[in-house]
1. Of all residues in region 315-355, count the ones that are part of a loop (DSSP other than H, G, I, E, B) and among the β-branched types (V, I, T).
2. If we keep just the residues of region 196-221 that are of a type in the set (V, I, T) and more than 14 Å from L234 (Cα to Cα), which is modelled with the highest pLDDT?
3. Only one of H332, H353 is of a type outside the set (V, I, T), within 23 Å of S253 (Cβ to Cβ) and either under 17 Å from the mean Cα position of the chain (by Cα) or at pLDDT 80 or above (or both); which?
4. Residues in region 231-251 that are in a helix (DSSP H, G or I) and more than 13 Å from S181 (Cα to Cα): how many?
5. Does at least one position in region 268-285 carry a residue that is within 19 Å of K218 (Cα to Cα), in a strand (DSSP E or B) and at pLDDT 80 or above?
6. Go through region 211-224 residue by residue and tally those that are surrounded by fewer than 20 Cβ atoms within 10 Å (Cβ to Cβ), part of a helix (DSSP H, G or I) and in contact (Cβ under 8 Å) with a residue 12 or more places away in the chain.
7. For residues in region 38-84 being modelled with pLDDT of 70 or more and outside any helix (DSSP H, G or I), which is surrounded by the fewest Cβ atoms within 10 Å (Cβ to Cβ)?
Amino acid sequence: MPLGTQKPFHLLFSQSEKVLSKYKLYHILFWLIYAVIIAAVIRIGNSWGDSILRQLPILATHAVVVYFNLYYLVPRFLLNRNYLPYVFSVLLLISAASFPISILTHSLVANQDIQSVVWSSFFLFLIGLGLLFSIILSMTFKFLKDWYADQQSKRDLQKMQLQSELKFLKTQINPHFLFNSLNNLYALTLIKSDLAPQVVLRLSDILRYVIYETSEGKVDLQKELQHLNDFVSLEQMRVGDRVKVEIDLEEPSKDYLIEPMLFLTLIENAFKHGAQSAMEEGWVKITGKSLVGGYCLLVENSKPIEYHASPQGGIGLENLKKRLNYIYLGAHELTITNEERHYSVKLNIELNHAE
């Protein structure tokens, strides 16, 4: 499913959850629904509305039992894995509350058929079952709510980690690439090469883009592609004629927004492995195609005969996969082909329109 169709529902659900939690509306909503269900099952009044009003004092007693269980018995016994004391305490709590509820029900019930059996042992048993149902139902909602909050915390932590990785990438770019560029620039200035001003200009454009343009989250796809062109141009100046570089980035058909510096990792790796000094004829080929609703980038490079993978390399392919799975879950396809003398990575990604 495209990302754009998932986001509104997720945001609506998340915002609703925040409002309910902030004003403690979960509790009110729970007891209102519970009152409607009980009034529909047990008609103690002359009408459905009258039954709801008459049920409220009884439900207040249920609430005392429920909250005593949730905020005292569960933390003290159940969460500490004292299961037998917990079961015994719950049974004792239900037994202690059943008789007062029976008296309260007798004073509130208007239905003569129900009133005649209020003092029976069977009705006390039904009251006990009702209390047990209230306890189980409330615990189910409480544990589901806590589970959702825990999952939300994990997602927020993962988002913070991804943002930290991106900030690190923005400040570091690729130190190996940056130092090489500065060293090459120094060598060009020594021989007073005409390429030196171009290296300075390209490097300046890259740093400006990384530091300023990507600071507001997603960026325009056209700018991202221009950044890739600048990066490749600078790499071409660095590697010279010993590496054949081909780049063809088709302009996007529409104005799309993309998470910055996703493609850069693929191109960095291609130059790192496809332009090794041990290779006689290295090559790097980069092809970008505009898709309906997204973009496709294919990055290919040569490999030396004796290839040894390096544990370093920017944020790395694994971190790229994490970012894609978090930001573009279900909206991307990453295909890696690793052959003896050839390596390629193809990334199809669905993108949102710029507003």
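1. Here the count works out to 1.
2. Out of the qualifying residues, it is V219.
3. Testing whether each residue is of a type outside the set (V, I, T), within 23 Å of S253 (Cβ to Cβ) and either under 17 Å from the mean Cα position of the chain (by Cα) or at pLDDT 80 or above (or both) leaves just H332.
4. Residues of region 231-251 that are in a helix (DSSP H, G or I), as a first pass: 231-242.
In the following step, the residues that additionally are more than 13 Å from S181 (Cα to Cα) were identified as 241-242.
Within region 231-251, residues that are in a helix (DSSP H, G or I) and more than 13 Å from S181 (Cα to Cα) number 2.
5. no
6. Summing the residues that are surrounded by fewer than 20 Cβ atoms within 10 Å (Cβ to Cβ), part of a helix (DSSP H, G or I) and in contact (Cβ under 8 Å) with a residue 12 or more places away in the chain in region 211-224 gives 4.
7. R81
The values are calculated or read from the model by the stated rules, or taken from the named source; none is laboratory data. Keep in mind it's a predicted model, so treat the numbers as computed, not measured. Don't worry about glycine lacking a Cβ; one is built from the backbone with ideal geometry, like all the others, and counts go over all protein chains shown.
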